[in-house]
Every structure is written in structure tokens, then in C-alpha cells.
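Step one of this worksheet: look at the structure below.
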Amino acid sequence: MTSAVDTRPAPVAFLSDLIADIPSDRRQRFIINLKNAIRIGVFDGAPVNHLFDMEYVGRGEHSRPARKTASEREYAVENTAEFQAWLEQQTSAPLHLSPFATKDAILSGSVSMKDLAEQFRRRTGNRKGKRK
């Protein structure tokens, strides 16, 4: 008895299904990262001849966040271990990586003012003054 080789293609994930699990303020960045990962060969995927409506948070009047809707091209992605690892990395990343401490962190005492001042001096110390 010979064992049959499974030649079925790997399951496919579609962008419209993936985007449903992504917070609306991170959807545009997710799509950019997905296209870049496909482009550099992290996993296999390609655009599909289908558009879907996506709601996201963009900049509105006076650069304030506003909910918007856009038509996006559908992408099909091969659902492999590499893709699952990339997806886990994308969905577990913190929302904002800011070099600045929050007001709550300072008030709670979890951040030292001395350390913050030292970091600030290191960031700005090598700048030249403005010419008059």
C-alpha cells in the first residue's frame, strides 16, 4: 500500500476576512504591511479581481481622527506557518510606540523624571542652535 501525497493547495485567507479582526485605527497600516510582506517574499499572496468596502479611522477636518470608508482591493494569501507567524506579530504589536512618557505614567511614579530628562537631553543634545 502506497501513501498518497496530498497535493491540495494550502488553505487561502482573504484580506476582507482578516481585516475584520483588526481595529479600525490600524487597518490601513495592516494593509501596507501585508503588501510589503508579499512583495519581499515573507509569504505568498496576490491581488484578486474583487473590491470590498473597509471602514477605517483616518484624518478628518483639522487633522482630527474621523471614521471613513474606502474600497480596497481583495488579496488572497496562502495560509502557511510563515503567514500565521507574521499575522501574530502584526496583531500583537502595541498600538503606539512613542518615545514620550504618558502623563499617567509620570503621575503614578512608574517613570523617573531624572531618567526622562536624561533621555530628552540625549535626544536633543547634539542639535545645533538656530542661526540669527
* Scan region 32-89 for residues that are of a type in the set (Val, Ile, Thr), under 18 Å from the mean Cα position of the chain (by Cα) and under 16 Å from residue 18 (Cα atoms) and jot them down. => 32, 38, 77
* Asked: Can you name every residue in region 16-49 that is among the polar types (S, T, N, Q) and surrounded by 14 or more Cβ atoms within 10 Å (Cβ to Cβ)?
  -> 16, 24, 28, 33
* Asked: Can you tell me which of 85, 105 is under 24 Å from residue 37 (Cβ atoms), aliphatic (A, V, I, L, M) and part of a helix (DSSP H, G or I)?
  -> 85
* Structure fact -> Sole miss for residue 93 among (1) more than 18 Å from the chain's Cα centre (by Cα); (2) within 24 Å of residue 39 (Cα to Cα); (3) modelled with pLDDT under 80 is condition (1)
* With respect to residue 52, determine if the residue is surrounded by 14 or more Cβ atoms within 10 Å (Cβ to Cβ), within 21 Å of residue 24 (Cβ to Cβ) and of a type outside the set (Asp, Glu). => yes
* **Filtered residues of region 15-59 (kept if among the small types (Gly, Ala, Ser) and part of a helix (DSSP H, G or I))** => 16, 37
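The values are calculated or read from the model by the stated rules, or taken from the named source; none is laboratory data. The model shown is predicted, which means the values in this text are computed figures rather than measured ones. Every residue, glycine among them, receives a Cβ derived from its backbone with ideal geometry; neighbour counts consider all protein chains shown.
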